[in-house]
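One structure is given here, and the rest of the page talks about it.
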Amino acid sequence: MQLLDGKYVSEKLKEEIAAEAAGVLATLGRKPHLVAILVGNDGGSETYVASKMRNCEKVGFKSSLFRYDDSVTENELLEKIDEINKDSGVDGLIVQLPLPKHIDPEKVTERIDYRKDVDGFHPVNLGRMMRNLPCFIPATPYGIMMILEEYKIETAGKNCVVIGRSNIVGSPMSILMARNAYPGNCTVTLTHSRTQNLKEIVLQADIIIAAIGKKNFVTADMVKPGAVIIDVGINRETSEKTKSGYKLYGDVDFENVAPKSSWITPVPGGVGLMTIVGLLKNTLASARGNIY
Ligand code: GUN
């Protein structure tokens, strides 16, 4: 078993991004600029957004955060998005999900100018991704592609089983792994809550991508010896033993699965750190005018 080390890869790529951000500053006379909107006080979202902002500063981007109370109306939010869309000093805009129930996430996603949609959630970007055209790729799948590439993991002709069909990870990941590209060219099976014989299907996988959001969901009896394991889970549980007051668990029973695998991402220290790199790469590409 060898680790797919998200810490190592993310630090390396962030150094490259920082060098390129300095180039943007030299040519445009301003830093790449990411704007985030955060609604409410969800603990996970607070942590993720803070980390996104911190990482922007680290690589020499400008970052701005607009916070709203849970009671913000859908209209107020849409108007703010319109305002940021028009601001030529902004390269990327993300609205952290989930949103309160009275706000339609589809409306919000479609309102963001697709040319600033560095989350890659807008239908234009998803459609372009399906057709292998220049686009913003959703940050977590993008981060996973980068870690597979860094470790030169063979993907062509392999059976890849994706567990979970979310808009943010599972669905786009299944499309990327099936594309005629590297990483890609896999035979992909997208599994979900209604899948029958899940264990038998996962046992066929050369590459398992677990994005179901359930602690220790993938157990050793579901894994073929030598499989590559990508664990997207970030399941937070409160803990008195850690400084932060919580502990993170993946979707994979790491202790028992790791010895059977050829390569595996740890949690923490794996995919989570790569998601940020995906977001930074998209923001940089936007600032440089590489996509639109
Ligand atoms: N919530 C969980 N993951 C993400 C993400 O990648 N982007 C946004 N905007 N919200 C999220």
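Values in this text are rule-based calculations from the coordinates and carry no lab data. These numbers come from a predicted model, not from an experiment. Here the Cβ positions follow ideal geometry from the backbone for every residue, glycine too, while neighbour counts run over all protein chains shown.
Some notes on this structure:
- Region 113-158, Cα convex hull volume normalised per residue, Å³: 83
- Between helix 139-150 and the chain: long-axis angle, C-alpha atoms, 0 to 90°, nearest 10: 60
- Of all lysines in the structure, those lying under 28 Å Cα to Cα from Lys199, and not within fewer than 8 positions of it along the same chain, are Lys152, Lys158, Lys214, Lys215, Lys224, Lys247, Lys260.
- Listed residues Pro105, Thr47, Val218: farthest to the positive end of the dipole of the chain (Cβ charges): Val218
- Annotation: the antiparallel percentage among DSSP beta bridges lying fully within the chain is about 10.
- Region 1-88: trypsin sites (Lys or Arg not before Pro) in DSSP coil with no more than 15 other Cβ atoms inside 10 Å: Arg30
- Size descriptor for region 21-119, Kirkwood hydrodynamic radius: 14.0 Å (Cα pairs only, one decimal).
- Seen against the Cα atoms of the chain and their longest principal axis, helix 43-58 is set at about 70 degrees.
- Cα centroid of region 219-262 to Cα centroid of region 1-39, whole Å: 27
- Relative to the longest principal axis of the Cα atoms of the chain, helix 74-86 runs at roughly 70 degrees.
- Rounded to 5, percent antiparallel among DSSP beta bridges of region 164-249: 50
- Assigned charges on the beta-carbon of Lys, Arg, Asp, Glu; region 161-292 dipole about Cα centre (debye): 360
- Cys with no candidate disulfide partner in the chain (beta-carbon separation under 4.7 Å rule): Cys56, Cys135
- Loop-located GluC sites (Glu not before Pro) in region 211-292 whose Cβ has at most 13 other Cβ within 10 Å (DSSP): Glu240
- Assuming charge only on the beta carbon of Lys and Arg (+1) and of Asp and Glu (-1), the dipole of the chain about its Cα centre is about 420 debye to the nearest 20.
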